[in-house]
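Single-structure report; data block below.
The values are calculated or read from the model by the stated rules, or taken from the named source; none is laboratory data. Remember, it's a predicted structure, so these values are computed and weren't measured experimentally. Don't worry about glycine lacking a Cβ; one is built from the backbone with ideal geometry, like all the others, and counts go over all protein chains shown. Accessible surface areas use protein heavy atoms only, side chains included; no ligands, DNA or RNA. Shrake-Rupley method; radii C 1.70, N 1.55, O 1.52, S 1.80 Å.
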Amino acid sequence: MNTAIITQNVPKVVWEELSQSFVVPTSDLIEVVHLLKDHAEFEMDYVSNVAGVDWLARKEKVKNADGTETEVEKPGYLEVVYHFYSMKRKHGPVALRCRTNRENPIVPSITPVFRGAEFQEREIYDLYGIQFSGHPDLRRILMWDEFKDFPMRKDYKEPDDYEWEPTPHDEVLEKAQTHYAKPNP
């Protein structure tokens, strides 16, 4: 597989050797996904995994021109990671990483191109708060509708009171206890 095809066709895409993945700007994501699907070199027809990642702000040492090191603050970001395979050509994976800011995280949905990404994008939206523009049914899939936060973010603060959580379990438990209750002797 000639991965240089992607960086030649979409110049803003960067191949990252360490992670063996492409870092794709959000503005170019759909173009790269179509290239993976339609180009004869790839013919990627299956997206196996779409995952969210939360990278907090960190300090990183950078070498200056004079040989000294300076510590710089790298801002945090959210990332969506995609793994594509070709069942037809029996190769892969090709991994894409698409980064977005933490304050207003928006990434284009690949669901119109790969229907199999629908539930995975909904899960990422639900747990990380990343909006997928163009998604046909972006709503919570694991948390209840009234839940206000995103529990997979590293800065998530767990509430101290879960009593308000809506659940049918109390009704089910009450019916079971009533139905299966043993009479007292």
Give me the net charge of K12's neighbourhood, meaning all other residues with Cβ under 15 Å from the Cβ of K12; Lys, Arg count +1, Asp, Glu -1.
-1
Considering only protein heavy atoms and a probe of 1.4 Å, how much of the accessible area of region 58-98 is carbon and sulfur, as a whole percent?
51
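Which of the trypsin sites (Lys or Arg not before Pro) across region 114-144 are loop residues per DSSP, with 11 or fewer other Cβ within 10 Å?
Details: sites: R115, R122, R139, R140; in loops: R139, R140.
In loop regions of region 114-144 (DSSP not H, G, I, E or B), the sparsely surrounded trypsin sites (Lys or Arg not before Pro) are R139.
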For N2, net neighbour charge (Lys/Arg +1, Asp/Glu -1) across residues whose Cβ lies under 14 Å away:
-1
Relative contact order, percent, region 4-154 [alpha-carbon distance under 8 Å, six or more residues apart]
20
Quick one: if the Förster radius is 25 Å, what FRET efficiency do N101 and I30 give, using the C-beta to C-beta distance and rounding to 0.05?
0.85
If you build a Gaussian network model of the chain, linking Cα atoms that sit under 10 Å apart, which residue out of H39, H83, H135 swings the most?
H39
With only helices counted (DSSP H, runs n ≥ 4, each -39500 (n - 2.57)), the per-residue ellipticity at 222 nm for the chain, to the nearest 500, works out to -6000 deg cm²/dmol
Just to be sure I understand: if I project the alpha-carbon convex hull of the chain onto a plane and average over all orientations, what area do I get in nm²?
17.7
Let me know the longest stretch in the chain that avoids all GluC sites (Glu not before Pro) found in a DSSP loop with at most 11 other C-beta atoms within 10 Å.
18-102
